[in-house]
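Q: Handing you this structure, nothing more for now.
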Amino acid sequence: MTDEQKILPVTPEQRQACATTAATRQVYDEIEKLSAVIKETGRPMAERVDAKYALVNASERLCNLMALAEDQLETHTTGDLREQLRGNLLALRERLMGLGGRLMVEKLEKIDKRAETVLHERDYPIGLAGKLDITFGNLMSHLNVLGGPERMGDGVPTLVAKTRSDINNLVQIEELGGVMKDLQPDKPKD
C-alpha cells in the first residue's frame, strides 16, 4: 500500500491508534540503531554495553506500545484502517523477533539462573521471590506480544515452565517457610 492509498483516521480514538502505531515504528528504529552500535566491534566496550542496556529498555517499551496499539485496534478501529494498522504491527513484530526476542530470552535465562541458584543454595533473600515474580510476569507479557514463548525457539517454552515453577517454589518458601510471616505484626488475641 503506497502513502497515497493509506486509510486516514476519522475519530480521535482512531488518530490515537495511528499515533501509537507510529510510535512503535520510531522505537523500532531506535532499536535498529542500538543494535548496530552493539555490533560495531570498533566501538569502546562501555558504549556497546550501554547500548545493550538501552536496547533492552527500548525492546520493553516497544512491547508495551505494541500491546497498547493492539488493544486500540481492537476497541477503536474497524475495516480497512484496522487491517492497515494491524499489517504495520505484524511487520514490526516479525522484524523484532530477531532483535528483541534474543535479548528477552537472555533475560529469561538470567531470571531462571537466579531462582535456581537461590533454591540450590537455600539462601533466601527477603522479597526476592516477589521481585522475580514481577520481573518474570512483565517479561512474559512482552514475549506474548511477540507471539509467545514458542516463537522464540524450541527450548524456550520448557525454560518458561521451569522458571515459573522455580519462582512459585520461592514464593511458597517465603510464605510457608516463615520468611514473610516473621515480618507480619502479631494479630491481637480475642
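Q: Can you tell me the relative contact order of region 8-181? Whole percent, Cα pairs under 8 Å, sequence separation 6 or more.
A: This gives 23 percent for region 8-181.
Q: Can you sort 48, 122 so the residue with the fewest Cβ neighbours within 10 Å comes first? Don't skip to the answer; put the middle values down first.
A: Numbers: 48 16, 122 7.
So the ranking, lowest neighbour count to highest, is 122, 48.
Q: Please report the net charge: other residues with Cβ closer than 9 Å to the Cβ of residue 48, K and R +1, D and E -1.
A: Overall, the nearby charge balance is 0.
Q: While we're on this one: Under a crude label model (7 Å from the Cα following the beta-carbon direction), how far is residue 168 from residue 151 in nanometres?
A: For the pair residue 168/residue 151, the computed spacing is 2.6 nm.
Q: So for 112, 154, fewest C-beta neighbours within 10 Å to most, what's the order?
A: Fewest-to-most Cβ neighbours within 10 Å comes out as 154, 112.
Q: What length, rounded to one decimal in nm, is gained on full extension from residue 116 through to residue 45, with 0.36 nm per residue of separation minus their alpha-carbon distance? Don't jump to the answer; show the numbers that get you there.
A: Details: separation 71, 0.36 × 71 = 25.56 nm, distance 2.96 nm.
Between residue 116 and residue 45, full extension yields an extra 22.6 nm.
Q: How large are Rg and Dmax for the chain when only the alpha carbon atoms are used, in Å?
A: 21.1, 75
Q: Using a simple charge model, +1 on the beta-carbon of Lys and Arg, -1 on the beta-carbon of Asp and Glu, nothing else, what dipole does the chain show about its Cα centre, in debye to the nearest 20?
A: Values: 26 positive and 31 negative charges, 60 e Å.
Using Cβ point charges on Lys, Arg, Asp and Glu, the chain gives about 280 debye.
Q: Still on this model: Taking K and R as +1 and D and E as -1, what net charge do the other residues with C-beta under 12 Å from the C-beta of residue 163 add up to?
A: Working: positive: 107, 110, 113, 114, 162, 164; negative: 109, 112, 116, 133, 166.
Cβ neighbours under 12 Å give a net charge of +1.
Since every read-out is calculated from the coordinates, none of them should be taken as a lab result. The structure presented is a predicted model; accordingly, all values stated were derived computationally and were not measured. Positions of Cβ are generated from backbone atoms using ideal geometry, with glycine treated the same way; all protein chains shown enter the neighbour counts.
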